[in-house]
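Here the structure is laid out as structure tokens; the discussion comes afterwards.
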Amino acid sequence: MFKRSSVLIGVIAMLATLLAACGSSTPAAPAGQAPAAETQAPAAAENVTLKVLIHQNPPMVDFMNTFNEQFQAKYPNITVDMAVVNANDLSTVTQTRLTANDVDVVDMFGFANAAQPYMKNVTAPNWQTLIDAGLLMDISDQPFIKNYDDAAIKDAGTYNGKVYQVNLGRVSYSGIYYNKDLFTANNVAVPTTWSELVAACATFKAANIPCMTAGGKDGWPIFVGAYGLIGAEYPDQAQLVEGLWTGSATWNDAKSLDMWTKMKTYAQDMMETGASGIAGDAAPGRFASGAVAMFPGGTWYASAIDAAQPSFKWGYIPFPGSDNADENKYLFGKYDQGWVVAGKTANKDAAMKYLTEFSDPANYQAFANAVGFIPTQPGATLSSPIGAEVAPYLANFRVGYEQYWVAPKGAGEFANPYASYFKPFGTFDDPQALADKVQADLQSGLDANK
Amino acid sequence: MNNYHFGRGRARLAPYLLLLPGFLFYLVIMLGPSVATGVYSFTDASGIQGTALHWIGFENYREFLFMGQASLDNYAALVRTLIFCFCVTTIQFTLGLVLAMLVNQRLKGVNIFRTIFFMPVILGAVIQGLIWSLFLYPLGGPLASLLGLFGMRSEFLGGQPNEAIAWVIFVQIWANLGVTMMIFIAGLQTIPGDLYEGAQIDGASPWQVFRNITWPLLTPNVNTNLLLNIIGSLQAWQLFLVLLGYRNGTQVLGYLIFAQGFGQTSGSVTSAFRQGYAAAASIVLFCLVLVIGLPVQYFLQRREEKILG
């Protein structure tokens, strides 16, 4: 009898353990219905833990740690629990934690890659799906929205007429960092045209100094570094994307072929030997070591260069992709980090306090100074070294191709204007062959969706 | 005589009830997601809770297998997967067997070598990838410096796609060789020593001993290792992610599924989560594993029955 009872008790205990392990710690709200806590903002004195998610960007993380301390001092009942993830993992972690209702405030890149009327059969971008699923909160009526410029709110944070994100800054990725000491020592003038850039590289190579470095192992830094070459041929990148979809522009016409030819020079003659093995986050350190003359890359690298070698003297210029200096005065870029609030947060009041505090002009200015973003608050100024470098070109800031581009389904893997397709980063050597391959891969997708 | 240990009547249910938690666990953790993947493959699922799910029939399969150049790229990834599988399985199997026989000798300090060979297994894919990324750094990394002494150089992981894949094969083997070796060691230790003594007395050569005693009696371990290596390498993706990232000409099916499902097709372009499409690709991979795994298992079982009875 005792044996039987023991067995049954044991079985029941195991089942209970299994069910408990499979169950949720909190009862889930029915689909489409907010959890009960959502409607009840915590009372002022109630202790709240505000969960914040950001991506890895050392100066931003440093700033956020300081800001969180200040915020907690001002609101002692709110504890900020901030998690930092790698930029590549941000979208996955965001989705997981929003779905699990395990986060309140999230750092999200500016809304981009939206489907346009001329695009057929494309998948909605991730941010749009999150909004449609009710996972991001409509913050249109929040007073801090007014602190940001209208264009940033409209371009990077609005969907169907409602605001879901305050974007915190633009970044440029079509520039080149240059080593001032090496330029002076080798008597090289800062290049303003493609020919001058080619000549500058020839001078450095003759002096046994590698001309450029970049994080070639990650692939995309090579593409990003050559952005000025796309920009020189196609200053209006939204129009370029529409042209590619509608057939009025192709990747193998005479204009594009000029771009591919220059990209070959960039990838094979300008980049240092071994750049294909350098990881993206190691490239700023390599440049800051003083061994290389130039480093094509985004404005976000400035703080990493300074951190690696504080006394290092560098400058930043738009990539001169054209032989007409006037066509090289544009900076292409994107809307970078922004704040969104979880649609089902139980801590709406604390989340809004957090964003209100962050959006305070003084705090925002400190943030812009720390990370080097081109500000999205009208009153903020660019006081950082990179700010001073890009200031002359701000009137010519343009949103880049990759922010508009959505590939048609069925397009091949080469349907993009990437310099990394050339050897040694890729397998191509002939600009014409690559141009034809890229266009064929794109056309294949366009034809499949006719 | 009643050999049943759980009594009579309702008590006879006890073993089934005891099995139930394990079965439920298997159902929830293994079978459930597998079936769900099959169902999702016929939808436009994004994996985001709250989004509408639409039944789109075989559209994901059509896109994966027949739509434009992308489908041809998928076939190329499939071929790459098979090449990767063949290289990893043959080399890992052979090396594992050789190492097992070496460290199965009664020599002083042999346990240290067993530990060294097995150590990579306990590291996660991220750590394994990080170690080799540093070791293979082309600008002054240890191996680059070594090659430099002989006037040679290589881009290693950043080199041409075939070279990069070769390095992933190497790291995959390094990371999993310990398991293959341990399974062989377990088998070697079950072979009775008197068989070897008898063979020695009869004057058998080392090759004859291996061919007629060791190899036949290792049959169950050979089968286990072959199946584990084949299935493991067909499903590999983590090391591709950590060592290479998304690079044209290097993707295998496992990584393609991850990249599509979690929007990581490019480091600079924000992509959509296409988990319905990724589920269809998973089913294709599952079919591939099945098509290769089942005949291999059938053949190996027949062989085992023939040898061991």
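Sort the protein assembly as shown into rounded, prolate or oblate with this rule: let a ≥ b ≥ c be the square roots of the eigenvalues of the Cα gyration tensor; rounded if a/c is under 1.5, and if a/c is not under 1.5, prolate when a/b is larger than b/c, oblate otherwise. Oblate, because a/c is 1.5 or more while a/b does not exceed b/c.
For A:N449, the amide hydrogen comes within under 5 Å of no other amide hydrogen, counting only partners 5 or more places away or on other chains and with H modelled in the peptide plane. Taking 7 Å steps out from each Cα toward its Cβ at A:N65 and A:F312 produces label points 2.1 nm apart.
By its C-alpha gyration tensor, with a ≥ b ≥ c as the square roots of the eigenvalues, how is segment B:64-104 shaped: rounded for a/c under 1.5, else prolate for a/b larger than b/c, else oblate? Cα axes put segment B:64-104 in the prolate bin.
Counting Cβ atoms of other protein chains within 10 Å of each Cβ in B:62-74 and taking the mean gives 6. Have a look at B:P21, A:P235, A:V188 and report the one farthest towards the positive end of the charge dipole of the protein assembly as shown, computed about the Cα centre with Cβ charges (Lys/Arg +1, Asp/Glu -1). With unit charges placed on the Cβ atoms, the residue in question is B:P21.
Between the alpha-carbon centres of segment B:289-309 and segment A:389-449 there is a gap of 48 Å. For segment B:45-59, 3J(HN,Hα) computed residue by residue from phi via the Karplus equation (6.51, -1.76, 1.60; θ = phi - 60°) reads 3, 9, x, 9, 4, x, 7, 5, 9, 10, 7, 10, x, 8, 4 Hz, glycine and proline entered as x. Neighbour counts of C-beta atoms inside 10 Å place B:C287, B:C85 in the sequence B:C287, B:C85, starting with the fewest. Measuring from centroid to centroid over Cα atoms, what is the spacing of segment A:365-387 and segment A:197-240 in Å? Answer, in whole Å: 26.
Each residue of segment A:233-240 was assigned a 3J(HN,Hα) from its phi angle through the Karplus curve 6.51 cos²θ - 1.76 cosθ + 1.60 (θ = phi - 60°); the sequence is 7, 10, x, 9, 7, 5, 5, 4 Hz, with glycine and proline shown as x. For segment A:414-430, the Karplus equation 6.51 cos²θ - 1.76 cosθ + 1.60, evaluated at θ = phi - 60°, returns couplings of 9, 7, 8, x, 9, 5, 6, 6, 7, 4, x, 6, x, 10, 8, 10, 9 Hz by residue, with Gly and Pro reported as x. Looking at the protein assembly as shown alone, DSSP beta bridges between its own residues are antiparallel in about 60 percent of cases. Ranked for footprinting exposure by Cβ neighbours inside 10 Å, fewest first, A:S311, A:S444 give A:S311, A:S444. Report the longest stretch of chain B that contains none of the trypsin sites (Lys or Arg not before Pro) sitting in a DSSP loop with at most 15 other Cβ atoms within 10 Å. Here the longest segment lacking exposed loop sites spans B:154-309. Only Lys, Arg, Asp and Glu carry charge here, each on its Cβ (+1 for the first two, -1 for the last two); on that basis chain B has a dipole of about 580 debye about its Cα centre. Sorting A:299-309, B:221-231 by average packing, meaning the other beta carbons within 10 Å per residue, from highest down gives A:299-309, B:221-231. What does the C-alpha gyration tensor say about the overall shape of segment B:1-137? Classify as rounded when a/c is under 1.5, otherwise prolate if a/b is larger than b/c, or oblate. Oblate shape, in that a/c is at least 1.5 and b/c is the bigger or equal ratio. Highest-first packing order for the peptide set B:43-50, A:106-113, B:65-72 is A:106-113, B:43-50, B:65-72, based on the mean count of other beta carbon atoms within 10 Å. Using the Cβ-Cβ distance between B:S154 and A:D429 with R0 = 22 Å, the FRET efficiency computed as 1/(1 + (r/R0)^6) comes to roughly 0.70. Computed on the Cα trace of segment B:41-308, the radius of gyration divided by the Kirkwood hydrodynamic radius gives Rg/Rh = 1.05. Per-residue mean of foreign Cβ neighbours for A:123-134 is 5 (Cβ atoms of other chains, 10 Å radius).
By the helix-only formula, in which each DSSP H run with n ≥ 4 contributes -39500 (n - 2.57) and the sum is divided by residues, chain A has a 222 nm mean residue ellipticity of -12000 deg cm²/dmol.
Among A:N347, A:N208, A:N160, the largest mean-square fluctuation in a Gaussian network model of chain A, built with springs joining Cα atoms closer than 10 Å, belongs to A:N160. Farthest towards the positive end of the charge dipole of the protein assembly as shown, among the residues A:V61, A:Q128, B:I122, is the Cα of B:I122, using unit charges on the Cβ of Lys, Arg, Asp and Glu. From the residues A:S359, A:F332, A:A288, which one has its Cα farthest along the dipole of segment A:287-443 in the positive direction, the dipole being from +1 and -1 charges on Cβ of Lys/Arg and Asp/Glu about the Cα centre? The residue sitting most towards the positive pole is A:S359.
Just so you know, all these numbers are worked out from the coordinates, no wet-lab data involved. Just so you know, these numbers come straight off a predicted model, no measurement behind them. Neighbour counts run over all protein chains shown; Cβ positions are idealised from the backbone, glycine included.
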